[in-house]
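Encoded as C-alpha cells, the structure appears first; notes follow it.
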Amino acid sequence: MAKDNNTPQKKPRFSSWWIYGLIAIFLIAFQFFGSDNLASTKKTTTSELQEYLRNGDITKILIITNTNQAKVFLSDEALAKDVHKDVAEKPLFPSTGSIPQYVLDYGDLQIFQNEITEIKKENNLDTIVEFDKESNVFMELLLSILPFVLIIGIWIYLMRRMSGGAGGGAGGQIFNIGKSKAKLFDEKTDTRTSFKDVAGLEGAKEEVEEIVEFLKYPDKFTSLGGKIPKGALLVGPPGTGKTLLAKAVAGEAKVPFFSLSGSDFVEMFVGVGASRVRDLFKQAKDKSPAIIFIDEIDAIGRARGKNNFTGSNDERENTLNQLLTEMDGFGTNTNVIVLAATNRADVLDKALMRAGRFDRQIYVDLPDIRERKEIFEVHLRPIKTSETLDLDFLARQTPGFSGADIANVCNEAALIAARKEKKAVGKQDFLDAVDRIVGGLEKKNKIITLEEKRTIAYHEAGHATVSWMLEHAAPLVKVTIVPRGQSLGSAWYLPEERLIVRPEQMKDEMCATLGGRAAERVIFNRISTGALSDLEKVTKQARAMVTIYGLNEEIGNLTYYDSSGQNEYGFTKPYSEETARVIDQEISKLIEEQYKRAIEVLKKNKDKLTELAERLLEKEVIFKEDLTKIFGDRPFEKVFDKKGQEIVGADKLTPEESTEENK
C-alpha cells in the first residue's frame, strides 16, 4: 500500500534526558581521553626506576610537579625485554608517543631529582628529564560548559514539573503554566459516588440535588423567568461530608465536572493564578452545562487587604479578583454552576459571598443521633459485624462525631477485632475503638507510684460522684485509671445533645468537672497538677457564659462575640479596662462557687466516694452498673422514646427492659 504523504508526521519530542546523556558522554570522554588513556601504564617504585635507569632502559622521565608524579618512557630495545613484557602489550588505543609505560609517585622533588642526576652521571646516560604540570583540555572544556548544561537541565525540569507534563516537549510545556489544573470527571469511569452513598445531611443533600436538577432540566426553571443560581458554598466543620457531597454531585449530574483545590491556583510566578482561573472558566463554558468544584476555597478567597503588611503585589489577591470577575461575568444561560467548600467561611471575602456569585450557602452541620445511625449503616456495609450489633447504641455512644470520625471508628473497630482474631466485629470492639480515638492509646506499662495511682483514683471517683448527684450533669458511662494518651485517668460521659443550654445546666457541668480537684481536697487536704485539663475546660465555659452568652448579671445582656470572625477592633479589646476587671472577677467568682459546691457534695457522700475509689483501685475500670450498686438509681434520670416523649418509671427498669421500651 502506498504511503500517504499528506499524513501529518509526529514531530520528535525533545526530552530533557538528552541533556543528561550529553553530560554522561562528557564524563566518559574524560575517563578515556582526559586521563591520557593510562590503560597500559603500570605503577612502579623509586628503586625499580633507579634499576631501569642504570640498565639504560629509560629514554625519558616526565616529572609532573603539581601532582608529585613521574611518567617513565622506555626505549624500543627495553620493550623487547621480558622484564617489561607487561607494559609492551598493545594499548587500547593506538599510541601517539605520549603514553608512558610506567608511572610512580615520588616524595620530595629535590631529592628525587638529585638521585636521577647522580645515576645519569655515574652511568654516562643521555636520558631526557623534563618538568611539566598536569593539564587536561577535555577537563577544562567540561568544567567550562558543565554549569550551563546543568542550569539548562534544571530549568527544563522545573518547567516540566510546573506544567504537569509527563513527557511532552519542553518548549510547548512552558506555555502550559497558566493552564487550569482542574481534573475533568467522567461519570462513566472516574466516579461512582451517588446520593445513596451520602447518609444523613438531609437538608444539604436536598440543596445539591436541586442544583443537579437545574443542570438536567434548565427549561423547567427558565421558562417561568427564573435564573439558575451561579454558585453554592458548602460550609461546615471538617469531616462533615462537604467533599463527599460534591463527589455525589459529580456522579449524579451526568455533566462535565471540573474538580480542583484552591491551592492549585497558587504558583510561584506572578499572574499564573489569574490565568488558570480564566482557562478553567473557558473550559467550563465550552462544555456547558458543567459544574466547577473548588475545594478549600479559603486558600484564595480570604478577605483582601487584611495581612498584606508589605504593601507589595499579592498574587493571591490577583487570583481572587479574577475569580470574582469570572463568576459575575458569564451570562445566565451558560449553565455553569460553581460549587465550593470550606470550613473557614468567616475569613472569606465579602465580595465573594454576595448574591450573584455564591447565591446559596449550604451549611453542613455535625450529624445528630438519627443521622449518625444512617452514617454507620453506610460505613458498616463492607465490614463483617455481629448479628446482635445495635446501631442505635453506636449512634448514642458517638455524640459530636462527624462522618469522617464515624468512618474512622468503623475502621478502627475492624482492626481491633482482627487483632483479637475474631470472625466478626462486635459491640465491645466499637467501644474500644471510640475509647482509642477519643482518649488515645492505652499505656498499661506506664510507671506510676502507688501514691499517684491512689490520687488518680480519688480524682476520677470525684468526677463520677459529683456528676451522679447533679441533675443536669452528663450521665456516666465508665471510669478508668488506666493511662490513655496524655491523661493518667478519665471518666467517660454520654452528654445530652441540646440545641440550647441553660445556665443551671452549664453550672452543673462545671461543678462535675471540678469534682476531681474537689475530691483531692476532701480526701488528702491538698491538690495537684492533675486538674489542668479540668481547669482549662471550666475557665472556657465560665468565660463563654460571661462574655459570649450574656448569662451574667453584672455584665448584663451584652456579648463580645464577633460571629464574622473579623476583629474590627484590631489588637484592642472591645471593652474598657474596668469592664475587663469585672469580667475577670465574675469568671473567678463563678468557678469558685462551683468548686465549693463540688466540695460540699463530696463531703456529704464521702463514704460512697471512698468505696467507689477503692473499687476503682481494685478493678481499674468501672461502669455505670458499679455506681448504681454504690449510690442507687439517679432519681432525676429521664429516658425518652424515639418521639421525644419521656418514659415514666424508666429509672425502675433494667437497661435491657429500657432498651425494649425504647424500641
Among the residues that make up the stretch 544-565, is at least one of them in contact with an Asp or Glu (Cβ under 8 Å, 6 or more places away or on another chain), in a helix (DSSP H, G or I) and modelled with pLDDT of 90 or more?
yes
Residue set ARG381, ARG357, ARG436; condition within 29 Å of the chain's Cα centre (by Cα), assigned to a loop (DSSP other than H, G, I, E, B) and at negative phi; output residue ARG381
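Considering the stretch 475-494 alone, what residues qualify as being more than 19 Å from ASP626 (Cα to Cα) and either open to solvent by 40 Å² or more (accessible area, probe 1.4 Å) or among the hydroxyl-bearing types (Ser, Thr, Tyr) (or both)? Quick ask: steps written out before the conclusion?
Restricting attention to the stretch 475-494, the residues satisfying the condition of being more than 19 Å from ASP626 (Cα to Cα) are 483-488.
Passing the criteria: GLN486, SER487, LEU488.
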With criteria (1) closer than 19 Å to PHE293 by Cβ; (2) open to solvent by less than 40 Å² (accessible area, probe 1.4 Å), ARG360 comes up short on (2)
Say whether the condition of being exposed (fewer than 15 other Cβ atoms within 10 Å of the Cβ), closer than 15 Å to GLN541 by Cβ and more than 37 Å from the chain's Cα centre (by Cα) is met by at least one residue in the stretch 508-525.
no
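Return yes when LEU366 is out of contact with any Leu (no Cβ under 9 Å at 6 or more places or on another chain), in contact (Cβ under 8 Å) with a residue 24 or more places away in the chain, over 20 Å from ARG302 (Cα atoms) and among the aliphatic types (A, V, I, L, M) and no when it is not.
Numbers: out of contact with any Leu (no Cβ under 9 Å at 6 or more places or on another chain): yes; in contact (Cβ under 8 Å) with a residue 24 or more places away in the chain: yes; over 20 Å from ARG302 (Cα atoms): yes; among the aliphatic types (A, V, I, L, M): yes.
Yes, satisfied.
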Anything in the stretch 418-465 that is open to solvent by 20 Å² or more (accessible area, probe 1.4 Å) and of a type in the set (Ser, Thr, Tyr)? List them, or say none.
THR449, THR455
In the stretch 393-412, which residues are out of contact with any His (no Cβ under 9 Å at 6 or more places or on another chain) and more than 25 Å from ALA474 (Cα to Cα)?
GLU412
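Report yes if some residue within the stretch 265-278 is at pLDDT below 80, in contact with a Pro (Cβ under 9 Å, 6 or more places away or on another chain) and open to solvent by 10 Å² or more (accessible area, probe 1.4 Å); otherwise report no. Walk me through it before giving the result.
Start the filter on the stretch 265-278 by keeping residues that are at pLDDT below 80, which leaves 265-273.
If we keep only those that are in contact with a Pro (Cβ under 9 Å, 6 or more places away or on another chain) as well, we get none.
No, the conditions are met nowhere in the stretch 265-278.
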Report every pair of residues separated by at least 6 positions or lying on different chains whose Cβ atoms are under 8 Å apart, first residue within the stretch 335-363 and farther than 13 Å from LEU234 by Cα, second in a strand (DSSP E or B) and open to solvent by 30 Å² or more (accessible area, probe 1.4 Å).
VAL347/ARG302; ASP349/ARG302
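Using the structure shown, decide if LYS638 is in contact with a strand residue (DSSP E or B) (Cβ under 6 Å, 6 or more places away or on another chain), of a type in the set (Lys, Arg), modelled with pLDDT under 65 and farther than 23 Å from VAL538 by Cα. Before the answer, list the steps.
Details: in contact with a strand residue (DSSP E or B) (Cβ under 6 Å, 6 or more places away or on another chain): yes; of a type in the set (Lys, Arg): yes; modelled with pLDDT under 65: yes; farther than 23 Å from VAL538 by Cα: yes.
Here the answer is yes, as LYS638 does meet what is asked.
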Return the pair list, or none, for Cβ contacts closer than 7 Å from residues in the stretch 61-87 that are among the charged types (D, E, K, R) to residues that are open to solvent by 80 Å² or more (accessible area, probe 1.4 Å) and outside any helix (DSSP H, G or I), at least 6 apart or on different chains.
ASP86/LYS42
So LYS285 clears everything in (1) open to solvent by 60 Å² or more (accessible area, probe 1.4 Å); (2) assigned to a helix (DSSP H, G or I); (3) more than 20 Å from ASP359 (Cα to Cα); (4) not polar (S, T, N, Q) except one condition, right? Which one?
(3)
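Could you go through the stretch 468-481 and let me know if any residue there is part of a strand (DSSP E or B) and of a type in the set (Phe, Trp, Tyr). Working first, answer last.
Of all residues in the stretch 468-481, those part of a strand (DSSP E or B) come to 476-480.
Then keep just the ones that are of a type in the set (Phe, Trp, Tyr); that gives none.
The answer is no, given that none of the residues of the stretch 468-481 is part of a strand (DSSP E or B) and of a type in the set (Phe, Trp, Tyr).
The values are calculated or read from the model by the stated rules, or taken from the named source; none is laboratory data. Being a predicted model, the structure only gives us computed values, none of them experimental. As a convention, Cβ positions derive from the backbone with ideal geometry for all residues, glycine included, and neighbour counts pool all protein chains shown. Note: accessible area is taken over every heavy atom of the protein model, side chains too, but ligands, DNA and RNA are not part of it. Shrake-Rupley method; radii C 1.70, N 1.55, O 1.52, S 1.80 Å.
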